[in-house]
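The values are calculated or read from the model by the stated rules, or taken from the named source; none is laboratory data. Everything quoted here is computed from the prediction, not taken from an experiment. Positions of Cβ are backbone-derived with ideal geometry, glycine not excepted, and every protein chain shown enters the neighbour counts.
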Amino acid sequence: MENKVIYRHSTNIPTLKTSHLAGEKQVLLAGNESSSNITQVALGTLQPGESVEVHLHADMEESFYFLQGKGIYRIAGKDYKLELGTYLHIPINTEHYLQALGEEPLHFIYWGIEAQKKAM
């Protein structure tokens with residue numbers, strides 16, 4: 001992998017549907033652009049009432065930082081309130097469900113980190 005700086009502005013990044021078919025994302029950094037275990041870094045948006053179905057990832061953990069709006073994240077059966085400034089980390093193989101609540105879109109930045117077995 002070439003060692004290079006990546007500089008982007010969100011106005012120049014295409015908006016895509018997520019792989020969960022709910023919400024939209026703008027991929028800031030794709031996994032093939034980094035030599036780390038990051039699978040992607042993206043800006044995400046869910047419209048009020050929109051939700052991402054219950055799912056889990058067998059090969060990565062995820063982190064989320066919420067920038068605007070309100071919502072609920074159900075992780076392993078426990079609900080977490082989402083608002084500006086909330087950070088969440090979801091471990092590998094953990095069921096999670098995300099829903100936007102309130103009157104405005106839920107905006108967040110998120111990143112996935114490919115899991116590796118740790119040496120014992």
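Tallying residues that are part of a strand (DSSP E or B) and in contact (Cβ under 8 Å) with a residue 40 or more places away in the chain within segment 88-107 yields 8.
Take Gln47 and tell me if it is in contact with a helix residue (DSSP H, G or I) (Cβ under 6 Å, 6 or more places away or on another chain) and either surrounded by 15 or more Cβ atoms within 10 Å (Cβ to Cβ) or at pLDDT 95 or above (or both). So that I can check it myself, show each step before the final result.
Values: in contact with a helix residue (DSSP H, G or I) (Cβ under 6 Å, 6 or more places away or on another chain): no; either surrounded by 15 or more Cβ atoms within 10 Å (Cβ to Cβ) or at pLDDT 95 or above (or both): yes.
Criteria not met by Gln47.
For segment 37-59, which residues satisfy the criterion of being in a loop (DSSP other than H, G, I, E, B) and either in contact with a Ser or Thr (Cβ under 7 Å, 6 or more places away or on another chain) or touching a residue at least 60 places away in the same chain (Cβ under 8 Å) (or both)? Outline the logic, then answer.
Of all residues in segment 37-59, those in a loop (DSSP other than H, G, I, E, B) come to 37, 47-50, 56-59.
Once the filter is applied, which keeps residues that are in a loop (DSSP other than H, G, I, E, B) and either in contact with a Ser or Thr (Cβ under 7 Å, 6 or more places away or on another chain) or touching a residue at least 60 places away in the same chain (Cβ under 8 Å) (or both), segment 37-59 yields Asn37, Leu56.
One residue stands out in segment 75-87 among those that are out of contact with any Leu (no Cβ under 8 Å at 6 or more places or on another chain) and either part of a strand (DSSP E or B) or in contact (Cβ under 8 Å) with a residue 24 or more places away in the chain (or both): the one that is farthest from Leu28 (Cα to Cα), namely Lys78.
Can you name the residue in segment 1-21 that is among the aliphatic types (A, V, I, L, M), in a loop (DSSP other than H, G, I, E, B) and out of contact with any Ser or Thr (no Cβ under 6 Å at 6 or more places or on another chain) and, of all such residues, is nearest to Gly102 (Cα to Cα)? Talk me through it step by step, then tell me what you get.
Initial filter on segment 1-21 (among the aliphatic types (A, V, I, L, M)): 1, 5-6, 13, 16, 21.
Cutting the leftovers down to in a loop (DSSP other than H, G, I, E, B) gives us 1, 5-6, 13, 21.
In the following step, the residues that additionally are out of contact with any Ser or Thr (no Cβ under 6 Å at 6 or more places or on another chain) were identified as 5-6, 13, 21.
On the way: Val5: 38, Ile6: 35, Ile13: 27, Leu21: 21 Å.
Step by step, filter segment 1-21, then rank; the result is Leu21.
Tyr87 meets each of the listed conditions (1) within 26 Å of His9 (Cβ to Cβ); (2) surrounded by 12 or more Cβ atoms within 10 Å (Cβ to Cβ) apart from (2).
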